[in-house]
Amino acid sequence: MAAAALARVPDVDMDADGVFKYVLIRVCSAPSGTLPGESKEVVRGYKWAEYHADIYDKVSGELQKQGYECECLGGGRISHQSQERRIHVYGYSMGFGRAQHSVTTEKIKAQYPDYEVTWADDGY
C-alpha cells in the first residue's frame, strides 16, 4: 500500500524552460522512528526559488501533510532548453551540498526521453 501511494508522487517536477535551482529529495513512506518503509528520490526545480531551501521547504511541507518524511540529498542547477530539447544538470547548493547529479539525470531522462540530458560537477 505504501509503495502504491509513493508511486503517485512524481519523480520530476520542474519548470518548462530556463535556468533554475533544484533539489534532490528522498521521500519516505514511514515516519521517522518506525520500521523503514518504501522510499524514492524526487527532483524539484523552479525559477521562483531564490535559495535551494525555498524549494525544499515548500515541497517537504506539502509532502509531510500527506504523511511522508523527506530528506534533502543536495542541490544544484538545471538549464532546461525546451526549444533545443536539452537539459543540463550542474553545480551545487551552498546549504545542502552537491546532489548526486547522475541520479537526477536518470530521473529526468525517464520523464524527457526525447531530450539530450547531460550533467557535470563543475559550475555553481
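The values are calculated or read from the model by the stated rules, or taken from the named source; none is laboratory data. Everything quoted here is computed from the prediction, not taken from an experiment. Quick reminder, even Gly has a Cβ in these numbers, built from the backbone with ideal geometry, and neighbours come from all protein chains shown. To get the accessible areas, we keep the full protein, side chains included, count just its heavy atoms, and leave off ligands, DNA and RNA. Shrake-Rupley method; radii C 1.70, N 1.55, O 1.52, S 1.80 Å.
Structure summary
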{"quantity": "Scan of segment 70-82 for residues that are surrounded by fewer than 22 Cβ atoms within 10 Å (Cβ to Cβ), within 12 Å of V23 (Cα to Cα) and touching an Asp or Glu at 6+ places or on another chain (Cβ under 9 Å), ordered by number", "calculated": "L73"}
{"quantity": "Which numbered condition P31 misses (of (1) modelled with pLDDT under 95; (2) in contact with a strand residue (DSSP E or B) (Cβ under 7 Å, 6 or more places away or on another chain); (3) surrounded by 14 or more Cβ atoms within 10 Å (Cβ to Cβ); (4) not polar (S, T, N, Q))", "calculated": "(3)"}
{"quantity": "Per-region count, segment 66-117, residues modelled with pLDDT under 95 and of a type in the set (K, R)", "calculated": "0"}
{"quantity": "Subset of segment 83-111 that is in a loop (DSSP other than H, G, I, E, B) and open to solvent by less than 40 Å² (accessible area, probe 1.4 Å) - its residue that is farthest from V9 (Cα to Cα)", "calculated": "G91"}
{"quantity": "Test for V43: is it under 19 Å from A7 (Cβ atoms) and either surrounded by fewer than 19 Cβ atoms within 10 Å (Cβ to Cβ) or out of contact with any Ser or Thr (no Cβ under 9 Å at 6 or more places or on another chain) (or both)", "calculated": "no"}
